[in-house]
Amino acid sequence: MGFRSEPRSGDMQRILIVGLGNPGKRYARTRHNVGTDAIEVLAKRLNVSLKVGRDRAHIAEARMGNQGVVLVVPTTYMNESGEAVGPLARRYKVTNPAHIIIVQDELDLEPGVVRIKIGGGLAGHNGLKSVSQHLKTDDYVRVRIGVGKPSSKEHGADHVLSSIPAAERKILDVAIEVAVDAIERIVAADAQTAMQEFNGR
């Protein structure tokens, strides 16, 4: 499942790399926005700036090696993420879900753990639900950044939207860098290769 598909009409199939989160200063640096944070780190590494695009997202076009990529941070709220991802996939003619990488927070993983997953269940994640509805598939690649479980189900929203203790924030900042390493590996090789390297850590 490599990304090196045949270029059509001189343009190589691009990969969409999307970081899920909520817009606005109020949600910046919360657990729910680690996906957004990862895209910002990747943009810095690639020396590109995210700019306001047409499809309810900040986007940056770039190259990783010889692969064209589009970095995406939806400006929708988390549970409407698909309203940005669906139109962008159509605009960039990304029809293969293997060419869509979604970076997200994951309650089912301990803080700081990074795991790659292809398709499968959505674990109640509203951002993923919206993306799947608009793409009409669950088969895209996910880079999951663990943020840990809240003390009880009722505290779920508080847990992902409230400010984070400094010690945990340090752990998440390291995890975000690891997640970006994982994205780079997925693009350079493929998701299966990256899973073997990162999921055992």
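Read the figures in this text as sums done on the coordinates, not as results from a lab. Here the structure is a predicted model, which means the values were calculated and not measured. Neighbour counts run over all protein chains shown; Cβ positions are idealised from the backbone, glycine included.
Tabulated data
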quantity	calculated
Orientation-averaged projected area, Cα convex hull of the chain (nm²)	10.6 nm²
Cα-Cα over 23 Å, subset of K51/K149; K117/K149; K51/K129; K25/K170	K51/K149; K51/K129
Given charges at Cβ of Lys, Arg, Asp, Glu: the chain dipole, positive-most of A179, A28, T76	T76
Fraction of beta bridges assigned by DSSP in the chain that are antiparallel (%, nearest 5)	55 percent
Theoretical ellipticity at 222 nm over the chain - DSSP helices of four or more residues, -39500 (n - 2.57) apiece, nearest 500	-10500 deg cm²/dmol
Fully extended contour minus Cα-Cα distance, from R26 to E61, at 0.36 nm per residue	9.9 nm
Segment S151-V52, length gained on full extension (0.36 nm per residue, minus Cα span)	31.9 nm
Average silhouette area of the stretch 113-174, convex hull of alpha-carbon atoms, in square nanometres	4.9 nm²
Taking the chain and dividing mean pair separation by its residue count, relative contact order in percent (alpha carbons under 8 Å, at least six apart)	26 percent
